[in-house]
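Below is one structure, written out as structure tokens; the observations come after it.
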Amino acid sequence: METKLFKTSPARSRFAASLGALATIATAAIVIPGLVQADSIQPVTTGGTSTTGTTGVTADPNDYTCTGHVGYGNAESGVPGTQVRYWFSCDGPITSYQIETEPHQILYADASPVVELGSATTAPSTDGFECQGLFPGVALDCTTPSGLTGTSNAGEQITGQFAIAGKLKTEPRIDPILTVTDATATVTATASPVTVKAFGSTGSTTVTSKVTVTGPTVVDAMSGPFDLGRPTDVGHDRFDGDTRLGNNPPVAVLTARDKKTHVYTTTKVPLDGTTGSTGVK
């Protein structure tokens, strides 16, 4: 018997410039992306499973293909910053995901993203996620609390929002990185037969008197990271090709002032984790 493994503890994430791997400590998951390019526009069509979530053959959960995009979100009363809407789907079911936004700080995020099979079909009532993080911060972690299963079909569409400081048109524009996981727990039940004889009877009957349960055996898979791309509805500029997992990553300019010499030093840091250049002004 196999069932989805629920994750109820809040996840804690740390971004590393080298973009490494996933480590799990007890029930807390730390997701650190590696380097993989993903198509951020085209929908998922893999393994005989349609983009509307029709059940069928899904991909290896360690080698999913996930696609999506980001753009302007809907304004929410009392929420500071600029709302960013994200959308993505994968060619297999998932139990958790992380969206990482370095260097943009997330100020606020929706706790319950919307999960749909398609524009005209709702997902099962047990499908869903619970999102949390340390805000302001650069990561949003969404897990499956007790009673929910994440997504139960390939191609389910996940939509949510988070708020950042600044404007979507400001360079470097936000370019989120997505990593997904799928965890299952398997329990084995073994029946032990015994032979019994009723009082006064010459015959005997074999019955099952004991069931031994072993497990659970937990298997946790991870796919990604995937580049959700720059915002799709803010217009084009000369940096459109500078995605974080592409050949020309955007550059963040950091400025620091020496307290003794009062000299300002600027450092240009490519957002793919490579060594930047330093200048003095």
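The values are calculated or read from the model by the stated rules, or taken from the named source; none is laboratory data. This is a predicted model, so every value here is computed, not measured. Cβ: placed from backbone, ideal geometry, glycine included. Neighbour counts: every protein chain shown.
General observations
- Scanning region 120-158 for residues that are farther than 20 Å from Leu228 by Cα and hydroxyl-bearing (Ser, Thr, Tyr) returns Thr121, Thr122, Ser125, Thr126, Thr144, Ser146, Thr149, Ser152.
Yes/no per residue for (1) at pLDDT below 90; (2) among the aromatic types (Phe, Trp, Tyr); (3) over 20 Å from Thr243 (Cβ atoms):
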| residue | (1), (2), (3) |
| --- | --- |
| Gln42 | yes, no, no |
| Thr51 | yes, no, yes |
| Gln98 | no, no, no |
| Thr122 | yes, no, yes |
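- Entirely in region 84-149, the strands (runs of 3 or more DSSP E) that have 1 or more residues that are free of Cβ contacts under 8 Å to residues at least 24 places away in the same chain: 130-132
- If you filter region 228-264 down to residues that are among the hydroxyl-bearing types (Ser, Thr, Tyr) and either closer than 19 Å to Thr101 by Cα or touching a Phe, Trp or Tyr at 6+ places or on another chain (Cβ under 8 Å) (or both), you find that the one that is modelled with the lowest pLDDT is Thr255.
- Criterion violated by Thr179 - all others in (1) assigned to a strand (DSSP E or B); (2) modelled with pLDDT under 95 satisfied: (2)
- A single member of Pro225, Pro216 is touching a Gly at 6+ places or on another chain (Cβ under 7 Å), assigned to a strand (DSSP E or B) and at pLDDT 75 or above, and it is Pro225.
- Just one of the listed residues (Thr186, Thr190, Thr208) is surrounded by fewer than 23 Cβ atoms within 10 Å (Cβ to Cβ), out of contact with any Cys (no Cβ under 9 Å at 6 or more places or on another chain), modelled with pLDDT under 90 and under 21 Å from Ala59 (Cβ atoms), and it is Thr186.
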